[in-house]
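To keep things clear, I will list the structure first and then write my remarks on it.
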Amino acid sequence: MLVFAKAAYDAGRYFGLSYEEIIVYGVAGFVLFGGMAPVAAQLADRYSRSLLMVVYHFGIGIAAILAGLAQSVWQLGAAIGLIGVFAAIYHPVGIAMLIKSNRSIGLRLGINGVFGNMGVAAAPLIIGLLLTVGDWRLCFIASGLFCIGYGIVFITALADEAAPTARSGARLATGFAPGWRMALGAMLLSTASGGFIFGAMTFVVPRYFEISLPSISTSVAITGLLASIVYAVASFTQVGVGWLIDRVAPKWVLFAIGVGQVVFVALAARFTDYALFFAMLVAMCFVFGQIPITDTILSRYVPDSWRARVLSVKFMVNLTIGASVLPICGAILQAGYQMATLFSVMSVLALLVVMAGALLPIQADSQRLDRQPAE
């Protein structure tokens, strides 16, 4: 999904478009990334989660190769949209597989998040290096071939397991923990604001580093490396947050995460060079730290038979709102504003994360769906 984030400028030059103009053609990918999540959840319930994960690997690999072979900007946009269709499978299906077991959900989500965001960290570094030896086509094709190869590895390690389905005619509230409506409302509020902030930060930071670190470097390879370092280091925050929310009420952790985003994203809009690098590093720690919290909340209030469906709605909201990042960023930049303005906007949006933390109820251990069974 983030190959285009780093390769957009080079692709724009090939098609005779500016950076602000070319990024709009990535909108379909982000829209379908979220919009197709409910479809993926329904298919997983009808067939199996494992089968959908096989389709996921080969689907996005083939779609990425098609993007690299695009002969027009519309073909490129369509291929990126197809990447979004297959990428939509992972969150409602893969995360549902991950949280099926009730043991140490927060820590497990944190570890999974670290590996997931290694992809976010690797994207600007690897794509920056590929751009020094090739062009945007090589970036897509190489990524697609790797994903197909890994899909084969995935199949060899696969143990098929059908996803549990909700009983026909079962009432929605059956099996849900007390207070689930308020908890899911707070989760969706933080998901909506967090989706925009995460999408904007991961997409814009590599380019922002290229223009705002003049005393360090303007090389796409070096600035890509620095962005990768920020993403990689910040992603480990998820392990600490995952460990913490297994021991502290998620309400207070989410509230603190929101406050940190407000402060440090605002600082990133005002700094340059080394001060910007360190402010961005801390800001991304708070942005990544939010990731395991909402899924832990879901696991504590929603029974397993409903998790894929609720996850699909959550990620549809998250990623569809995240899709608005590209047109909004493009509109702001084309209106003559500096890229730093985008970070000021994100800082204000982070207030919604703070509000979500304030609204989230504190759940007694006896009410938790993920509590450990007595031995």
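The values are calculated or read from the model by the stated rules, or taken from the named source; none is laboratory data. Computed from a predicted structure; not experimentally measured. So basically every Cβ, Gly included, is an ideal-geometry build from the backbone, and we count neighbours across all protein chains shown.
Points worth noting:
- All positions within region 278-303 that are β-branched (Val, Ile, Thr), part of a helix (DSSP H, G or I) and modelled with pLDDT under 90: 291, 293, 294, 296, 297
- Some residue of region 220-229 being under 19 Å from the mean Cα position of the chain (by Cα) and modelled with pLDDT of 85 or more: yes
- Counting only helices (runs of 4 or more DSSP H) that sit completely within region 63-139, those holding 3 or more residues that are closer than 22 Å to residue 45 by Cα and of a type outside the set (Lys, Arg) correspond to 73-87, 95-98.
- Evaluated against (1) touching a helix residue (DSSP H, G or I) at 6+ places or on another chain (Cβ under 9 Å); (2) within 17 Å of residue 220 (Cβ to Cβ); (3) not basic (Lys, Arg), residue 116 falls short on exactly one condition, (2).
- Residue among 54, 93, 39, 114 that is farther than 30 Å from residue 16 by Cα, of a type in the set (Val, Ile, Thr), in contact with a Lys or Arg (Cβ under 7 Å, 6 or more places away or on another chain) and in contact (Cβ under 8 Å) with a residue 24 or more places away in the chain: 93
- Restricting attention to region 226-273, the residues that are without any contact (Cβ under 8 Å) to a residue 60 or more places away in the chain, farther than 23 Å from residue 184 by Cα and not aliphatic (A, V, I, L, M) total 3.
- Of all residues in region 263-287, exactly one satisfies the criterion of being more than 17 Å from the chain's Cα centre (by Cα), within 15 Å of residue 352 (Cβ to Cβ) and either surrounded by 21 or more Cβ atoms within 10 Å (Cβ to Cβ) or of a type in the set (S, T, N, Q) (or both), namely 265.
- Qualifying residue in region 9-20 (condition: aromatic (Phe, Trp, Tyr) and buried (at least 19 other Cβ atoms within 10 Å of the Cβ)): yes
- So residue 24, is it at pLDDT below 85, outside any loop (DSSP other than H, G, I, E, B) and of a type in the set (Val, Ile, Thr): yes
- If you check 46, 137, 103 for being of a type in the set (Lys, Arg) and surrounded by 19 or more Cβ atoms within 10 Å (Cβ to Cβ), only one passes: 137.
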